[in-house]
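See below for the structure under consideration.
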Amino acid sequence: MAEEKSNAEAYWKANLRLITGCLIVWALVSYGFAILLRPMLAGIPVGGTDLGFWFAQQGSILTFIGLIFFYAWKMNRLDKQYGLGE
Amino acid sequence: MSQFAINVLFVGASFALYIGIAIWAKAGSTKDFYVAGGGVHPVTNGMAIGADWMSAASFISMAGLIAAGGYANSTFLMGWTGGYVLLAMLLAPYLRKFGKFTVPEFIGDRFYSRTARMVAVVCLIVASVTYVIGQMAGAGVAFSRFLEVDATTGLIIAAIVVFFYSVLGGMKGITYTQVAQYIVLIIAYTIPAVFISLQLTDNPIPALGLFSDHTASGEPLLSKLNEVVTALGFNSYTGMVDNKLNMVLFTLSLMIGTAGLPHVIMRFFTVPKVADARWSAGWALVFIGLLYLTAPAVASMARLNLMTTIYPDMAGQVENYDAAAADSIAYADRPNWIRTWEETGLITFEDKNNDGKIQFYNPSADFSDRGWKGNELTVNNDILVLANPEIANLPGWVIGLIAAGGLAAALSTAAGLLLAISSAISHDLIKGALNPHITEKGELLAARISMSVAIVVATYLGANPPGFAAQVVALAFGIAAASLFPVLMMGIFSKRVNNKGAIAGMLSGLLFTLVYIFVYKGWFFIPGTNNLADTPANWVLGISPLSIGAVGAIINFAVAYIVSNASEQPPQEIQDLVESVRYPKGAGGAVDH
């Protein structure tokens, strides 16, 4: 019982770590590169404008798609590893 | 064949397709009728979520706003996609494990309080009705153009179609109808974009064309666009934005609103497995991304086409923009698409300097040195996507296709929202509180009445919408962000938040956000009742009413946390419930409901 509980706790902690990591990337590409840090990326030209503009209009969306699939894949492994899947 | 006949043919054929699929799927399985997505592969489900999610705001309105605002309106692109990351990681899998049907039901059970459930019902209704207003505004624009009637008549026709479509019932619940709607809307959006991208940049992929060279001038497309718009006194298309705080808050508000919108969350209650909730969110974003990566290309290309239609000398290599600006087209020679849109009242012209030519420029810029006495052409942002094929001289069938796509987007989302509203009223409010012994027939009747009332209210307010379709929808997101998302998230990630905290949090988030919006947009969106003019100078710290949802959400989190810590712990069985929601193991089948 106690072992089961600590296993579940470890699973939840691993999940929280994974979520934190993904959300840092999520915030970095959208609020970071596309808005607040755009002036710093202004020197990198992309098709008539700069990298920050690309992140605002396309780059962040592509990153979001990648993040969700990475999370889903990683969680499936965690589910199996901790024996908590369906 | 006249354009009118082609439009009717395309719209009619697409409707026949949806109804045909509905009848076929109904005959195939009655279970599928209720459990949208039960036993459906995550890819298929993702496509259905895409159709449910992408509304008139995404299809008709968004590219027009990006075209008008340029970089500043990238917020819509990031906000409406970034929310899926939150949904996939913070809500969807756990709500699926919990295994109930409506959002208020989860809140009522997790916070062991009927009051909490009722407050959630109110939040849901306010957010969803606001959202439907945006849909009605968008669908009204589409109908008025394609049936060649004025905007108000278009709106009333839209209301009647939405009424039959939703109250007919079931249509919405069938995953395959939505898959068909997704396919219609993505084809309708992409085909004209491909043509236009080829015309302007020789690149058949619009998303790449956006960053390619403009064929006629040899410069990058975006540089060319910047030169043209700044020559007419507009802000640079790709330029930076001074008010970064507002831009961040607006994006955040759209993101957490996306994750808090009940009609989207409902889709995840019914996927077969917890893991499928995660995959479905990913696939949904892939299918949404197909439109959202094309939208910024449509926006910039349509803006350039619009400008070079009025100022033909600006189309190629330009040595002197002042000279090119002097040679705009004469009003008498205006293209047909301007004439047809003038009939809807969504394009208006007034020859202020009586030179017979059209001067179209930033109304707040001063070009008296060019002999201009004010901007003469007013173009409603919401028409840009619909008018796009006409502006680019594409064949008539492309225009018919756009009509079918725009209506698919507006109707599928309106139906989904009305279903969320009616289930909250019949299931949560009436069955859950007022009259638990209501018959199934009575529940259905209540659902239909509440749908009808919502349509009437939304149509009335849609006649004078508090903004363009996408902006009205953005208000709905702010409301969902401030009221529902924080308590849903805390309900899963904190065992400490109790009934008192949740109720206080939802109420303070909702009231704060609504009051801020109403002060600028009019009380209950009734035109003329606003206390302050809706201009940046009046906004507190430069935060627009569209962005305030993010602040409301922070208030909701803070109030819930403080109130909960000042009062007792939730009972042990609730803490066990939270624990169980966190692990996929032991999730039952999708609920039949």
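The values are calculated or read from the model by the stated rules, or taken from the named source; none is laboratory data. Everything quoted here is computed from the prediction, not taken from an experiment. Note that each Cβ is placed from the backbone with ideal geometry, even for glycine, and that neighbours are counted across all protein chains shown.
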Quiz item: Are any residues in region B:231-246 of a type in the set (S, T, N, Q), part of a loop (DSSP other than H, G, I, E, B) and more than 8 Å from chain A (Cβ to nearest Cβ), and if so, which ones?
Solution: B:N235, B:S236, B:N243
Quiz item: Would you pick out the residues in region B:489-509 that are surrounded by fewer than 24 Cβ atoms within 10 Å (Cβ to Cβ), of a type outside the set (F, W, Y) and part of a helix (DSSP H, G or I)?
Solution: B:M489, B:M490, B:I492, B:N499, B:K500, B:I503, B:A504, B:L507, B:S508
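Determine whether region B:511-532 contains at least one residue that is assigned to a loop (DSSP other than H, G, I, E, B), more than 14 Å from chain A (Cβ to nearest Cβ) and touching a residue at least 60 places away in the same chain (Cβ under 8 Å).
yes
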Practice problem: Collect the residues in region B:267-290 that are more than 9 Å from every other protein chain (Cβ to nearest Cβ), in a helix (DSSP H, G or I) and in contact with a Ser or Thr (Cβ under 7 Å, 6 or more places away or on another chain), keeping them in residue-number order. | Solution: B:F268
Quiz item: Residue check: is B:R339 of a type in the set (D, E, K, R), assigned to a helix (DSSP H, G or I), touching a Leu at 6+ places or on another chain (Cβ under 8 Å) and closer than 28 Å to B:I191 by Cα?
Solution: no
Quiz item: Tell me, which helices (runs of 4 or more DSSP H) wholly within region B:59-116 include 2 or more residues that are within 14 Å of another protein chain (Cβ to nearest Cβ)?
Solution: B:62-69, B:74-86, B:92-98
Quiz item: Among all residue pairs at least 6 apart or on different chains, which show Cβ distances below 9 Å where the first residue, located in region A:69-86, is more than 8 Å from every other protein chain (Cβ to nearest Cβ) and the second is among the small types (G, A, S) and outside any helix (DSSP H, G or I)?
Solution: A:L78/A:G85
Quiz item: Does region B:247-264 include one or more residues that are in the same structural domain as B:D202 (by TED's automatic domain parsing), at pLDDT below 95, among the aliphatic types (A, V, I, L, M) and not in a helix (DSSP H, G or I)?
Solution: yes
Quiz item: Quick one: in region B:209-230, which of the residues that are within 12 Å of chain A (Cβ to nearest Cβ) and under 17 Å from B:E319 (Cβ atoms) is nearest to the chain's Cα centre (by Cα)?
Solution: B:N226
Quiz item: Restricting the search to region A:13-60, which residues are over 24 Å from B:G282 (Cα atoms), among the aliphatic types (A, V, I, L, M) and within 10 Å of another protein chain (Cβ to nearest Cβ)?
Solution: A:I35, A:L36, A:A42, A:V46
Quiz prompt | Counted residues, region B:197-212 - those being part of a helix (DSSP H, G or I) and surrounded by fewer than 24 Cβ atoms within 10 Å (Cβ to Cβ) | solution = 4
